[in-house]
Ligand SMILES: [Zn+2]
Ligand SMILES: [Zn+2]
């Protein structure tokens, strides 16, 4: 599975006012390009195309929660008298 240069013929332009995935564009991680392509597989390298961002919202939520926990722990540490 390698890039043969065919994908450049199907290269998608950056949409205005909306996300690439929202615009129906698909991402090939082998060719590292966004395609305007109806199929599920890359016409260039044959790799499965990505149709939506990977766990983007879930990751953001998780990171936020970790930050809150860290802040909370710092507060507890500060409350303990140093002796
Ligand atoms: Zn390619
Ligand atoms: Zn590809």
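Laboratory data are not the source of any read-out in this text; all were calculated from the coordinates shown. Computed from a predicted structure; not experimentally measured. All Cβ positions, glycine included, derive from the backbone under ideal geometry; neighbour counts span all protein chains shown.
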Exercise for review: Considering only segment 1-18, state which residues are assigned to a loop (DSSP other than H, G, I, E, B), within 16 Å of ligand 2 (Cβ to nearest atom) and touching a strand residue (DSSP E or B) at 6+ places or on another chain (Cβ under 9 Å).
Suggested key: 3, 12
Study note, to complete from the structure: Those residues of segment 35-53 which are closer than 12 Å to residue 10 by Cα and either more than 12 Å from ligand 1 (Cβ to nearest atom) or in a loop (DSSP other than H, G, I, E, B) (or both) amount to 36, 37, 38, 39, 42, 43, 44
Review point. Taking segment 39-55 on its own, how many of its residues are more than 14 Å from residue 20 (Cα to Cα), out of contact with any helix residue (DSSP H, G or I) (no Cβ under 8 Å at 6 or more places or on another chain) and free of Cβ contacts under 8 Å to residues at least 40 places away in the same chain?
Key: 5
Practice item. Restricting attention to segment 19-34, report how many residues are within 15 Å of ligand 1 (Cβ to nearest atom) and part of a loop (DSSP other than H, G, I, E, B). Key: 5
